[in-house]
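Undergrad: First, the structure itself, so that you have it in front of you.
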Amino acid sequence: MGREARSARRRPRDSGGGWSRRRFVGAAAGAAAVVAVPSPAAPPADDPAAADEPGTAAPPHTPSGPRPLYVGTYTSADGGGTGIGLAAYDPVTGRITGSGTLTGVPDPSYLAVHPDGRTLYAVDERQDGGVTAVRLVDRQVLGTRGTGGAGPCHLSVHPSGRWLLSANYGSGSVAVHPLDASGAPGERTDLVTHRTPAPGPGQQGPHAHQFITGPDGDHVLAVDLGTDTVYSYRLDPAAGTLTEVAQAHTRPGAGPRHLTFHPGGRYAYLANEVDDTVAVCAYDPGSGRLTIGEPQATGSSGGTNYPAQFAVTAKGGYAFLANRGHNSLARYAIEAEGARLRLLGTVPVGGDFPRQIALSPDGGLLFAANQHSGTVTVFHVDADSGELHSAGEPFASPVAVCALPL
């Protein structure tokens, strides 16, 4: 398994060698609580996914008034939350204000939003894994569907809005669900388990960690930490079925975790959790084939560190990396039209174990969900220099493992 779990020595090791080691990492982080009185906010008026779509125009101007923020957690962890944290942030100051909790969604450790901005999706990271859809206008749960695997830890929505993609960490499989006009998921149209190559050093099996759509829209890519492989599939746009077309292999023991594309669509950046490296990857949209480059530094100075996730600015000039252990955000200049990363330095994240990071739709703010400290920290992003400046005191949220600003 990934080194993420091996760093959490406060928690007993999972004797089954399975997914449950993930959900309890950082459970002893404390009992910070979200205000428990629901206060519905208006759904986003613009398209929250537009700024992240490769090849789109520059992000819109900073909106006025508070914007929604949703926070994922582990409900089954000691000191964890009771559901999806509800909050709002000021797009100018970055200040976060809590407004309650959406209960009834178990272990919502990763969140995503439909391209139309009307539906929120959460994984249910449990042994019998599931995905849950929530209508944002009234926060009505639209339904839950089984993922066919254990411990789903990531999900994303195909840009067409028709398919929900999820990665089952514990069983090393990826699933596809259809989405109806309301945004509710239907029964799975496909489930693929990663059976080859054999698990990498120190791994007992495959561990699918991410499932995303390539910039071309025809291919979907699954990052598997256990097999040191990124799998490329062609997605049938009518049937929702997967056909494997390529595999890209890291060096043995790298433990790839998350892949983030450059807006140009020809390059992507891979965070390798186990060996504390990152890599620039070339991507061929026609074939869906990914080519992984040489490992590069994360800025962690050689200490114990587990890189988690990249965020790339909409214009493709800068990339940011969450470093768990070093507890920093690494800053990279993106050069050669996406083909090169140049490490500029690191900035303290202001929390403990930044599990996930995300940019606001306008690109002006960066949010970091800090699992061990139970906080979300916010940074102003300088569009010209890529510099990060703290937006103030952290927002307390129990076992914060995902922050989704809309």
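The values are calculated or read from the model by the stated rules, or taken from the named source; none is laboratory data. This is a predicted model, so every value here is computed, not measured. Positions of Cβ are generated from backbone atoms using ideal geometry, with glycine treated the same way; all protein chains shown enter the neighbour counts. In case anyone asks, the SASA skips ligands and DNA or RNA and just uses the protein heavy atoms, side chains included. Shrake-Rupley method; radii C 1.70, N 1.55, O 1.52, S 1.80 Å.
Undergrad: Accessible area per residue, 1.4 Å probe, Å², for segment 243-312: what's the number?
TA: For segment 243-312, the solvent-accessible area averages 35 Å² per residue.
Undergrad: Compare ASP90, ASP180, ASP78 by solvent-accessible area with a 1.4 Å probe and give them largest first, with all protein chains kept in place.
TA: In descending accessible area the options line up as ASP78, ASP180, ASP90.
Undergrad: What area, in nm² and to one decimal, does the C-alpha convex hull of segment 188-233 cast on average over all directions?
TA: Mean orientational projected area (segment 188-233, Cα hull): 3.5 nm².
Undergrad: Then there's this: What number, in percent, do you get for the relative contact order of segment 78-180 if the mean sequence gap of Cα pairs under 8 Å and at least 6 apart is divided by its residue count?
TA: It comes to 18 percent, rounded to a whole number.
Undergrad: Tell me the chymotrypsin sites (Phe, Trp or Tyr not before Pro) within segment 260-297 that lie in a loop according to DSSP and have at most 15 other beta-carbon atoms within 10 Å.
TA: Passing both the DSSP loop test and the Cβ count: no residue.
Undergrad: Now for a separate question. With viscosity set to 1.002 mPa s at 20 °C, what whole-number translational diffusion coefficient in µm²/s follows for segment 196-263 from Stokes-Einstein and a Kirkwood radius over Cα pairs?
TA: 173 µm²/s
Undergrad: Round to a whole angstrom and tell me the spacing of the C-alpha centers of segment 295-364 and segment 171-216.
TA: 25 Å
Undergrad: Can I ask one more? Taking K and R as +1 and D and E as -1, what net charge do the other residues with C-beta under 9 Å from the C-beta of ARG266 add up to?
TA: Combined, the nearby Lys, Arg, Asp and Glu give -2.
Undergrad: Hey, another quick one. Of all accessible surface on segment 79-135 at a 1.4 Å probe, what whole percent is carbon and sulfur?
TA: 47 percent
Undergrad: So, counting K/R as plus one and D/E as minus one, what does the shell of residues with Cβ under 11 Å around GLY240 add up to?
TA: Neighbour charge sum, excluding GLY240 itself: -1.
Undergrad: With a 1.4 Å probe and every protein chain left in place, work out the accessible area per residue of segment 67-178 in Å², rounded to a whole number.
TA: I get 29 Å² per residue for this part.
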